[in-house]
Amino acid sequence: MKVLVLGGVYVAGGIAVKIIDKIRDGTFFRAFKDKWHFEKLLANIPVSVVLNESAPLMGAAYEALAAIRK
């Protein structure tokens, strides 16, 4: 993470599908929150998983269309 996102994190695209077993068994979430002094903070940040591999592309297309319409 390059910025502190308190509202939540989305794991999307091809990576979500590739690490779904680690997400299901809790390995991903343990690694996510295991960051030295930030463990309590990160444990309270919601993490959502988007299984549609096209979601990031659809979001980019939506933003591009919105920019064109301005």
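The values are calculated or read from the model by the stated rules, or taken from the named source; none is laboratory data. As the structure is a prediction and not an experimental result, all values here were calculated from the model. Note that we place each Cβ from the backbone using ideal geometry, even for glycine, and neighbour counts take in every protein chain shown. What goes into the accessible areas is simple: the full protein's heavy atoms, side chains included, and nothing from ligands, DNA or RNA. Shrake-Rupley method; radii C 1.70, N 1.55, O 1.52, S 1.80 Å.
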Check: Can you name every residue in region 1-37 that is among the basic types (Lys, Arg) and closer than 21 Å to Leu57 by Cβ?
Finding: Lys18
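Conditions (1) loosely packed, with under 15 Cβ neighbours inside 10 Å; (2) of a type in the set (Asp, Glu); (3) farther than 20 Å from Leu51 by Cα, marked per residue:
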{"site": "Val3", "(1), (2), (3)": "yes, no, yes"}
{"site": "Asp21", "(1), (2), (3)": "yes, yes, no"}
{"site": "Arg24", "(1), (2), (3)": "yes, no, no"}
{"site": "Asp34", "(1), (2), (3)": "yes, yes, yes"}
{"site": "Glu39", "(1), (2), (3)": "yes, yes, yes"}
Check: What are the residues in region 44-56 that are free of Cβ contacts under 8 Å to residues at least 24 places away in the same chain and open to solvent by 100 Å² or more (accessible area, probe 1.4 Å), if any?
Finding: Asn44
